[in-house]
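The values are calculated or read from the model by the stated rules, or taken from the named source; none is laboratory data. Bear in mind that the values here come from a model prediction, so they are computed numbers and not experimental data. Cβ coordinates were reconstructed from backbone atoms using ideal geometry, including for glycine residues, and neighbour counts include every protein chain displayed. Heads up: the accessible areas ignore ligands, DNA and RNA and are worked out on the full protein's heavy atoms, side chains in. Shrake-Rupley method; radii C 1.70, N 1.55, O 1.52, S 1.80 Å.
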Amino acid sequence: MELYKTNQLKIYNSLSKSKEIFKPILEGHVGMYVCGPTVYSNVHLGNVRTFMSFDLVFRYLKHLGYKVRYVRNITDAGHLTDDGTEDKIATKARLEKIEPMEVVQRYSLDFHNILQKLNNIPPSIEPTATGHIIDQIEIIKTILNKGLAYVVNGSVYFDVLKYNETEHYGILSGRKIEDSIQNTRDLDGQSEKKNPQDFALWKKAEESHIMRWPSPWSDGFPGWHLECTAMSTKYLGKTFDIHGGGMDLKFPHHECEIAQSKACNNVNPVHYWMHANMLTLNGQKMSKSTGNYILPNEIFTGENKLMKKAFSPSALRFFMMQAHYRSILDFSNDALEASEKGFLKLMEAVNQLENITANKTSSIDINSWKQKCYEAMDDDFNSPVLIAQLFEAVKYINLLKLGDDTLNEEDLKDFKITIKTFVFDILGLQNETSDDNSSKISGVVALLITMRNEARANKNWALSDKIRDELLAIGIQLKDGKDGTTFIIN
RNA sequence: GGCGUCGUGGCCGAGUGGCUAGGCUGGGCUCUGCAAAAGCUCCUACAGCGGUUCGAAUCCGCUCGUCGCCUCCA
């Protein structure tokens, strides 16, 4: 039987601002849409956090037995620069004197490469904005027909004030339109809009603009907010279960998506809105535009002023999983270093699982422990609490090894499977110590351990310590226990 | 200025109206040739001020501060 039938998953819904019991539209199936990156530069660590958060969601939903269709777009057109006049991709292409599609290709590859290193499972569908221009044009036509958009000089704008007469623009972000009217700054280049709150569904392209597509209104390109509505509707339907994204997209991006869907399809598109919180650096939001950011590769190589050393992708992933996805997390070398130590301790314990043998009776209540692991994840994907439970398991493993605790065959099997499931399948961590050469290394180290033990038997401490210390220097740590000497590779 | 968020021990970071989060760091003990590891153990908490309550870090109010959004942003 699928786990979702017995587990009661609760999700914090940004729309209702409360935790709700998760009930999909179609039993056993989940439709999930997450706003992907705009591929005009390398993804930074802050971008990555959001995608890792939803990777955890994806993994857990699948573990619970749901059939999940996970759609995450690539924004390769339509995302305007600060002044609201030019497409970000086109700007980058102009600056680097290359084709826009070269920009898209380069940074899409970077994006996929980084996420793969961090062991993210690829989405079921990864559509691009430029591949769905036709769908976007159709939506614009419908919204125009309903009188909720207007055409000016070949551009089409959504009429927010008109929409707000019958609907609530601000339902997600908790804003009142009156406030935003009073507080909106006047921006250059937006004078053709009726009201500053109106947003572009279609932008007419200037003569010099390279990225352009024909439409009934002008040769131009689609607005940023529209692509997500077009693609989510196309692949998940007019209403679907989960829509995710970074907290900073709540307004205006997600608010606009709701407005577009309601205007076009007369329905609220999303049942559960999930927002991942920001990753900060030096207490400030990581952001490309301010220069306050770090790239994942700089962490893997250690090549950044902020880094004292290199960290593995799994150590980084573990660091992120130690914080709840809705909390702000501050990044620093020291915080990562502390996480790495914990991560290695966990991995070492997982490696020791195979050395544990079954007993006649069990002194640990494995079922109750396992239950706590599920309760943590069922409570809005609480990975930090899950990890606390996994450290409980580390303690158990060490005590089992010492023989101070025992497990019968059935419990031991369950224990092993549960740990591995949570560590590898759900948290998505990887055991980086085991590689192709590990068996050879094991053989060599075993030989050195034998030589060292001979030296120790002869009380030749100088030699035994030399073997131990020099192995440690190259990252192999010996540990003398009651049952002989074991080692770990750091 | 508006809206929202958060404020936990040396650091990171969970959580709940009364019962140990966890990790890292530091101290002690056991084990050990020494060390490491492991086990046991100890220390430093819930921004401030009021209120509700038998009891609040947990609920309410105010103050201060943080961060985010309000403009492209994961």
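Here is a check on your reading of the model: is A:Ile11 open to solvent by less than 10 Å² (accessible area, probe 1.4 Å), touching a strand residue (DSSP E or B) at 6+ places or on another chain (Cβ under 8 Å), assigned by TED's automatic domain parsing to the domain that holds A:His243 and β-branched (Val, Ile, Thr)?
On the way: open to solvent by less than 10 Å² (accessible area, probe 1.4 Å): yes; touching a strand residue (DSSP E or B) at 6+ places or on another chain (Cβ under 8 Å): yes; assigned by TED's automatic domain parsing to the domain that holds A:His243: yes; β-branched (Val, Ile, Thr): yes.
Criteria met by A:Ile11.
Could you please find all residues in region A:368-379 being more than 9 Å from RNA strand B (Cβ to nearest atom) and in contact (Cβ under 8 Å) with a residue 12 or more places away in the chain?
Restricting attention to region A:368-379, the residues satisfying the condition of being more than 9 Å from RNA strand B (Cβ to nearest atom) are A:368-375, A:377-378.
A:Trp369, A:Lys370, A:Lys372, A:Cys373, A:Tyr374, A:Met377, A:Asp378, listed by residue number.
Is it the case, given these coordinates, that A:Ile139 is in the same structural domain as A:Gly220 (by TED's automatic domain parsing), closer than 30 Å to A:Met377 by Cα and either in contact with a strand residue (DSSP E or B) (Cβ under 6 Å, 6 or more places away or on another chain) or not small (Gly, Ala, Ser) (or both)?
No; evaluated as a whole, the condition is false for this residue.
Residue pairs, Cβ under 8 Å, 6 or more apart or interchain, first in region A:88-100 and hydrophobic (A, V, I, L, M, F, W, C), second assigned to a helix (DSSP H, G or I) and surrounded by fewer than 20 Cβ atoms within 10 Å (Cβ to Cβ). List them.
Cβ pairs passing all conditions: A:Ala93/A:Glu102.
Quick test for you: out of A:Leu336, A:Leu316, A:Leu344, pick the one residue that is touching a residue at least 60 places away in the same chain (Cβ under 8 Å) and open to solvent by less than 30 Å² (accessible area, probe 1.4 Å). Step through it out loud before you land on a result.
On the way: A:Leu336 fails: touching a residue at least 60 places away in the same chain (Cβ under 8 Å); A:Leu344 fails: open to solvent by less than 30 Å² (accessible area, probe 1.4 Å).
Just a single option satisfies the conditions, and that option is A:Leu316.
Any residue at all in region A:360-377 that's surrounded by 15 or more Cβ atoms within 10 Å (Cβ to Cβ), at pLDDT 90 or above and outside any helix (DSSP H, G or I)?
Within region A:360-377, one or more residues are surrounded by 15 or more Cβ atoms within 10 Å (Cβ to Cβ), at pLDDT 90 or above and outside any helix (DSSP H, G or I).
Name the one entry in A:Arg49, A:Arg59 that is within 14 Å of RNA strand B (Cβ to nearest atom) and either in contact (Cβ under 8 Å) with a residue 60 or more places away in the chain or among the β-branched types (Val, Ile, Thr) (or both).
After ruling out the rest, the residue left standing is A:Arg49.
Just the residues that are within 6 Å of RNA strand B (Cβ to nearest atom) and surrounded by 20 or more Cβ atoms within 10 Å (Cβ to Cβ), please, taken from region A:233-248.
Here is the first cut: in region A:233-248, the residues within 6 Å of RNA strand B (Cβ to nearest atom) are A:245-248.
The answer is A:Gly245, A:Gly246.
Evaluate the following for A:Thr418: is it away from RNA strand B (no atom under 13 Å from the Cβ), hydroxyl-bearing (Ser, Thr, Tyr) and not in a helix (DSSP H, G or I)?
no
Looking only at region A:96-118, decide whether some residue is part of a strand (DSSP E or B), open to solvent by less than 40 Å² (accessible area, probe 1.4 Å) and among the charged types (D, E, K, R). Explain how you work it out, then say what you get.
Going residue by residue through region A:96-118, those that are part of a strand (DSSP E or B) are none.
No, because not a single residue in region A:96-118 is part of a strand (DSSP E or B), open to solvent by less than 40 Å² (accessible area, probe 1.4 Å) and among the charged types (D, E, K, R).
Check A:Thr357 against each of (1) surrounded by 14 or more Cβ atoms within 10 Å (Cβ to Cβ); (2) not in a helix (DSSP H, G or I) and name the one condition it does not meet.
(1)
Which strands (runs of 3 or more DSSP E) sit wholly inside region A:1-92 and have at least 2 residues that are closer than 14 Å to A:Asp380 by Cα and not β-branched (Val, Ile, Thr)? Reasoning before the result, please.
Numbers: elements: A:10-13, A:18-21, A:29-34, A:67-72.
Fully inside region A:1-92 and qualifying: A:10-13, A:18-21.
Restricting to region A:454-486, and then to whatever is of a type outside the set (Ser, Thr, Tyr), near RNA strand B (Cβ under 10 Å from one of its atoms) and under 37 Å from the mean Cα position of the chain (by Cα), can you tell me which residue is nearest to A:Leu402 (Cα to Cα)?
Per the criteria, the residue is A:Lys479.
Every residue, every condition in (1) open to solvent by less than 40 Å² (accessible area, probe 1.4 Å); (2) within 12 Å of RNA strand B (Cβ to nearest atom); (3) within 16 Å of A:Asn42 (Cα to Cα), yes or no:
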position	(1), (2), (3)
A:Lys309	no, no, no
A:Met321	yes, yes, no
A:Ile328	no, yes, no
A:Phe331	yes, yes, no
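Which count do you get for residues in region A:380-407 that are more than 7 Å from RNA strand B (Cβ to nearest atom), open to solvent by 40 Å² or more (accessible area, probe 1.4 Å) and not in a helix (DSSP H, G or I)?
Qualifying residue count for the region: 1.
I'd like to verify a number: residues in region A:400-427 that are farther than 20 Å from A:Arg59 by Cβ and aromatic (Phe, Trp, Tyr), how many? Let's see the steps before the verdict.
Within region A:400-427, the first condition is being farther than 20 Å from A:Arg59 by Cβ, and the residues that meet it are A:400-415.
Those left that are additionally aromatic (Phe, Trp, Tyr): A:415.
Summing the residues that are farther than 20 Å from A:Arg59 by Cβ and aromatic (Phe, Trp, Tyr) in region A:400-427 gives 1.
Tell me which helices (runs of 4 or more DSSP H) are completely within region A:220-302 and hold 2 or more residues being among the acidic types (Asp, Glu) and either out of contact with any Ser or Thr (no Cβ under 6 Å at 6 or more places or on another chain) or closer than 30 Å to A:Glu206 by Cβ (or both), or say none if there are none. Break it down stepwise before answering.
Details: elements: A:224-236, A:255-265, A:296-301.
Correct list: A:255-265.
Counting just the residues of region A:119-137 that are without any contact (Cβ under 8 Å) to a residue 24 or more places away in the chain and assigned to a helix (DSSP H, G or I), which one comes out least open to solvent (accessible area, probe 1.4 Å)? Give the derivation first.
Filtering region A:119-137 for residues without any contact (Cβ under 8 Å) to a residue 24 or more places away in the chain gives A:122, A:131, A:134.
Still in the running and assigned to a helix (DSSP H, G or I): A:131, A:134.
Working: A:Gly131: 53, A:Ile134: 128 Å².
Here the residue is A:Gly131.
So is A:Arg49 open to solvent by 20 Å² or more (accessible area, probe 1.4 Å) and touching a strand residue (DSSP E or B) at 6+ places or on another chain (Cβ under 7 Å) or not? Give the derivation first.
On the way: open to solvent by 20 Å² or more (accessible area, probe 1.4 Å): no; touching a strand residue (DSSP E or B) at 6+ places or on another chain (Cβ under 7 Å): yes.
It is false that A:Arg49 is open to solvent by 20 Å² or more (accessible area, probe 1.4 Å) and touching a strand residue (DSSP E or B) at 6+ places or on another chain (Cβ under 7 Å).
Looking only at region A:250-274, which residues are open to solvent by 10 Å² or more (accessible area, probe 1.4 Å) and either over 18 Å from A:His168 (Cα atoms) or more than 14 Å from RNA strand B (Cβ to nearest atom) (or both)? Don't jump to the end; show me each part of the working.
Going residue by residue through region A:250-274, those that are open to solvent by 10 Å² or more (accessible area, probe 1.4 Å) are A:250-252, A:262, A:264-268, A:271-272.
Result: A:Lys262, A:Cys264, A:Asn265, A:Asn266, A:Val267, A:Asn268, A:His271, A:Tyr272.
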